[in-house]
Structure formats: C-alpha cells, structure tokens
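Take a look at the structure set out below.
The values are calculated or read from the model by the stated rules, or taken from the named source; none is laboratory data. Owing to the predicted nature of the structure, the values given are computational and were not obtained by experimental measurement. We place every Cβ from the backbone using ideal geometry, glycine too, and count neighbours over all the protein chains shown. For accessibility, only protein heavy atoms count, side chains too; no ligands or nucleic acids. Shrake-Rupley method; radii C 1.70, N 1.55, O 1.52, S 1.80 Å.
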Amino acid sequence: GFRFSSPPKPARPEKAKAEPSQEDRDLADKIIALRDTGMSRWGVTLELGIGNCRFARILAEFDIDFPLQRNRG
C-alpha cells in the first residue's frame with residue numbers, strides 16, 4: 001500500500017489590526033450624537049450615507065452601544 005500524502009500546511013500568520021482611520025473616528029462621533037438624539041439605526045445610515053456593513057463595523061470597532069430597537073416606555 002503506497003499512498004501519496006500532501007505536505008503539511010504552514011501556519012497562517014495572524015493579521016494585525018489596523019488603526020482606525022480619522023474618517024471612521026469622525027463617523028463614530030456622528031453616530032453617537034445621532035443615537036443620543038433618538039434616531040434609529042436605519043436613519044443614521046441614511047443620514048451619513050454609509051452602508052449597514054460599515055455601520056456595524058464602526059459600532060464593533062469603537063464599542064458603541066446602539067440597540068436594535070429603542071425602549072418605548
């Protein structure tokens with residue numbers, strides 16, 4: 001029983017997280033300000049002209065608490 005085997009795969013290097021750009025910092029400040037006025041997530045993305053993926057990335061990158069639905073109490 002002779003078998004061919006593939007060579008072992010090299011370990012992948014970890015990607016270093018890039019420092020957030022100044023534009024992202026400015027957007028994060030605007031997102032926080034619009035959130036505090038009571039604007040919805042959808043309204044903020046329309047106001048700033050950004051997509052939902054970029055919006056979610058900025059929320060995660062800057063650890064911004066923006067609930068999916070505000071409490072209507």
Determine the relative contact order of the chain: mean sequence separation of Cα pairs under 8 Å and six or more apart, normalised by residue count, in whole percent. 27 percent
Would you mind listing how long the range 3-45 runs along its three principal axes, going by Cα atoms, in whole Å with the largest first? 67, 22, 12
Per-residue [θ]222 nm for the chain (sum of -39500 (n - 2.57) over DSSP H runs n ≥ 4, rounded to 500): -13500 deg cm²/dmol
Accessible area per residue for the chain in Å², computed with a 1.4 Å probe and the full protein assembly in place, what is it? 91 Å²
Relative to the chain, whose Cα atoms define the longest principal axis, helix 22-36 and its Cα axis are tilted in degrees, nearest 10, by 50 degrees
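Leaving ligands, DNA and RNA out of it, report the carbon-plus-sulfur percent of the accessible area of the chain at a 1.4 Å probe.
Details: 3470 of 6630 Å².
Ligands and nucleic acids excluded, carbon and sulfur reach 52 percent.
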I'd like the GluC sites (Glu not before Pro) in the chain restricted to DSSP loop residues with at most 12 other Cβ atoms within 10 Å, sorted by number. Glu14
Please list the three semi-axes, largest first and in whole Å, of the ellipsoid equivalent to the chain, using sqrt of 5 times the eigenvalues of its alpha carbon gyration tensor. 42, 16, 11
